[in-house]
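Q: Got a structure for you, written out below as C-alpha cells; questions coming shortly.
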2 protein chains.
Amino acid sequence: VTAHDLPHAPQTTDDALFQSQLVEMPRPECLRKLALARTGRVAFDMPDGPVVLPVNVRVHGIDIFLRTAAGSELAEALHDRPASFQIDQLDEYRQTGWSVLVQGTANWVTEAELPRYPSERPVPWAGGERSLNIRIRANRVSGRILVG
Amino acid sequence: VTAHDLPHAPQTTDDALFQSQLVEMPRPECLRKLALARTGRVAFDMPDGPVVLPVNVRVHGIDIFLRTAAGSELAEALHDRPASFQIDQLDEYRQTGWSVLVQGTANWVTEAELPRYPSERPVPWAGGERSLNIRIRANRVSGRILVG
C-alpha cells in the first residue's frame, strides 16, 4: 500500500476557523508537508479526553516515527492503539494557514523496522534514555488550506 | 470553582521531545498563555483515532469558546463529550518551546452563557453562518517548558 492509495478522511465542510475559504489540501502536498516535518503533535485518547503533545518525528512515506523511553506513559499510550499526528502553520496576522492530520495506529517497532538510513530516523532534542521506537502508520491523511 | 482549584494533569515524565530538560509550566503561566491564545487546536475522539483541528478561540478563565455552524461535523463532535484544547510554540532551531493542554468537556452554550463583552467572544476568521457557540470547560490544565 502506498500513501496515494489511502482513503481521504471525510472532509469537514466547516469549522470554527476555516469555512468559506477552506480548501482541501491535495494529497501530494499533504505528503510533502509531512515529509519535511521534524516536530508536530501526537494525539491519543484518554478517559479525560484526548492528550495532545509535541514530539520530534521523522516521517517516512505514511509512517511517523518517534522515540521515547520504555515504560513511560507515552510508551504505554502508543502501544497498538489508535493515534494521530498533526502539523499546522497558522498566521494570525494574515489569517491564513494550513494543517495536515494523520490518523493511524501506533505500535512499538524494532530497529529493523526503522527506515534504513540514520538520517531518516528520529533524533529527540533532549538527552536521556529513549530506546523505544514507535511508529504511527497512517490509515487516513487529510489536509486543509485557508486561503486569505 | 476557579482555575487554580483544578487538579493538574498527571505529569508525563518523559516523551519523545522533552525529557531531561522538561519542566512543568506553573499554573499561572499556563493560564496566562491560554488567556492570550486566539488560535489553537481542538481534539476529540473518533473511532479512527483522535481528530485534531485548528480553531479560533477566546479563552475566559477555564472556559475555551469557539463558534461553528449548527449541524456541522464539528458541532456534532463537540456536544456533551470529552474534548481537549492545545497550544504550543516550538523553536526547531533553538530546540526550545512550550505547550499547554486543556482537557475538558465540550458543550453547546447559549448566548447568555458567553462572556459578557463582545471583545471576549470568539470571532472566526472566515465568513459564513456560524451560529453555534461551543464551550470547552477545563477539568485539567497542564503545561510544559523545554528549557534549552
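Just so you know, all these numbers are worked out from the coordinates, no wet-lab data involved. In this text, all values refer to a predicted model and were calculated from it rather than measured experimentally. In this analysis, Cβ positions are derived from the backbone assuming ideal geometry, glycine residues included, and neighbour counts consider all displayed protein chains.
Q: Need one number: nm distance between label points at A:Val109 and B:Ala70, each 7 Å from Cα along Cα→Cβ, rounded to one decimal.
A: For A:Val109 paired with B:Ala70, the spin-label model returns 4.7 nm.
Q: Now for a different question. When only DSSP loop residues count, what trypsin sites (Lys or Arg not before Pro) in segment A:59-148 have their Cβ near at most 14 other Cβ atoms within 10 Å?
A: Answer in residue order: A:Arg94, A:Arg116.
Q: What residues of segment B:47-66 lie in the reach of a label at B:Arg116, counting those whose backbone N is under 20 Å from a point 7 Å from the Cα along Cα→Cβ?
A: B:58-65
Q: May I pose another question? Using only atoms on other chains, find how many Cβ atoms lie within 10 Å of each Cβ of peptide B:38-44 and report the average.
A: So the per-residue partner count for this stretch is 6.
Q: Can you pull the mean other chain C-beta count within 10 Å for peptide A:135-147?
A: 1
Q: Any idea what log10 I(q)/I(0) is at q = 0.10, 0.15, 0.21, 0.22 Å⁻¹ for segment A:51-148, Debye with uniform C-alpha scatterers and no solvent?
A: After summing over all Cα pairs, the log10 values are -0.31, -0.64, -1.07, -1.14.
Q: Another question, if that's okay. Placing the label point 7 Å from Cα along the Cα-to-Cβ direction, what are the distances from B:Arg38 to the equivalent spots in the other copies, shortest first, in nm to one decimal?
A: With the label placed 7 Å along Cα→Cβ, B:Arg38 yields 2.9 nm.
Q: Follow-up question, since we're still on this one. What are the ³J(HN,Hα) values, in whole Hz, obtained from phi via the Karplus relation 6.51 cos²θ - 1.76 cosθ + 1.60 with θ = phi - 60°, for each residue of segment A:74-82 in sequence order, with x given for Gly and Pro?
A: 5, 4, 5, 6, 10, 10, 6, 9, x
Q: What is the mean number of Cβ atoms from other protein chains located within 10 Å of the Cβ atom of each residue in peptide A:50-62, rounded to a whole number?
A: Average per residue, whole number: 6.
Q: Restrict the search to segment B:53-100; then list the chymotrypsin sites (Phe, Trp or Tyr not before Pro) that DSSP places in a loop and that have at most 14 other Cβ atoms within 10 Å of their Cβ.
A: B:Tyr93
Q: Also: Relative contact order of segment A:30-108: what whole-number percent is it, with Cα pairs under 8 angstrom and at least 6 residues apart?
A: Once divided by the residue count of segment A:30-108, the mean separation gives 29 percent.
Q: Considering just Cα atoms, how many Å³ per residue does the convex hull of segment A:17-66 enclose? Before the final figure, lay out each step's value.
A: On the way: hull volume 5.8 nm³, N = 50.
Expressed per residue, the convex hull around the Cα atoms of segment A:17-66 is 117 Å³.
Q: For A:Trp108, what charge total do you get from the other residues with a beta carbon under 9 Å from its beta carbon, if Lys and Arg give +1 and Asp and Glu give -1?
A: 0
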